[in-house]
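Each remark here refers to the structure printed beneath this line.
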Amino acid sequence: MRESSNPVFRSLPKGQQGGYASFGTGAAGYGAQQVHAEPYTAQYPEQTGVARPLTIDDVVTRTGMTLAVLTVSAVVSFFLVTQNIGLAMPLTLIGGLGGLALVMIAMFGRKQDNPAIVLSYAVLEGLFLGAVSFLLTFNIQGASAGGLISQAVLGTFGVFFGMLVVYKTGAIRVTPKFTRMLVAAMIGVVVLALGNFVFAMFTDGAGPLRDGGPMAIIFSLVCIGIAAFSFLLDFDSADQMIRAGAPEKAAWGIALGLTVTLVWLYLEILRLLTYFQND
């Protein structure tokens, strides 16, 4: 299996099925999954003979539940901050650091298929997103914060479904070379973002990559592009897990991985929209 650029997906159990799949098609049927179930039952011995193999319906349902919890939490957080702006920083820190801690626990503790951890992450990340969305938009002149946030949400899911179509049609093939290039690009983005953060700590501004200038716009566009292409690797990893007969509970790990990418994409799109409003 090709490894995803998403660290959550890389920590999921690996099967032995290769090749290219069609996400959500008959290739992921029950009979096809049972043929390759052995690598997973070895890692989940307590479920042998009990758990059914993973299906696309499981992935859709668990991802929908995770996003629903995140959305409710984000709406509550946004409302609380609009009533008391003093809550913005505490909610941002609690949600951001708490969500990051749970992702680390899921990755390194191999607990990404634990629904309690995934849903707790959704709650904390929702608190973070609601507060950050407010902070990014409350100073925008002549524009509704709700309007910008709605555009960012629509743009995020538009990119998601667009890349799903690209994956299903095979317009872009997920190859080892493609994966290496995308992972290298992600590492480069992380290094640049950290460098900008350090620079901002010793200056009065947000740094050249986050100040709304031309470099910031280019950087956000690059991040949006990388996040979009990351979906192809996420779909491919999830597809091959379905074909390899992963247990039903693995759907929670897939939901977590997709949610992490969606959150990153949403934040970058919202940042980009605020840059244009400031011009």
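The values are calculated or read from the model by the stated rules, or taken from the named source; none is laboratory data. Keep in mind the model is a prediction, meaning the values are calculated, not measured. Neighbour counts run over all protein chains shown; Cβ positions are idealised from the backbone, glycine included. To get the accessible areas, we keep the full protein, side chains included, count just its heavy atoms, and leave off ligands, DNA and RNA. Shrake-Rupley method; radii C 1.70, N 1.55, O 1.52, S 1.80 Å.
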Consider ALA251 carefully, then state whether it is touching a helix residue (DSSP H, G or I) at 6+ places or on another chain (Cβ under 7 Å) and at pLDDT 90 or above.
yes
Within the set of pairs 6+ apart or on separate chains, which have a first residue in the stretch 174-185 that is in a helix (DSSP H, G or I), a second that is modelled with pLDDT under 90 and hydrophobic (A, V, I, L, M, F, W, C), and C-beta atoms under 8 Å apart?
PHE178/ILE172
All conditions in (1) closer than 13 Å to LEU270 by Cβ; (2) under 18 Å from the mean Cα position of the chain (by Cα) are true of PHE134 except (2)
Of the conditions (1) at pLDDT 90 or above; (2) open to solvent by less than 80 Å² (accessible area, probe 1.4 Å), the single one that GLY109 does not satisfy is (1)
If you check GLY188 against the conditions, is it open to solvent by less than 60 Å² (accessible area, probe 1.4 Å), under 15 Å from ILE269 (Cβ atoms) and either outside any helix (DSSP H, G or I) or not hydrophobic (A, V, I, L, M, F, W, C) (or both)?
no
So which of ALA106, ALA131, ALA145 ends up being in contact with a helix residue (DSSP H, G or I) (Cβ under 9 Å, 6 or more places away or on another chain) and free of Cβ contacts under 8 Å to residues at least 40 places away in the same chain?
ALA145
Would you pick out the residues in the stretch 128-173 that are part of a helix (DSSP H, G or I), within 30 Å of THR92 (Cβ to Cβ) and either open to solvent by 80 Å² or more (accessible area, probe 1.4 Å) or hydroxyl-bearing (Ser, Thr, Tyr) (or both)?
SER133, THR137, SER150, GLN151, LEU154, THR156, PHE161
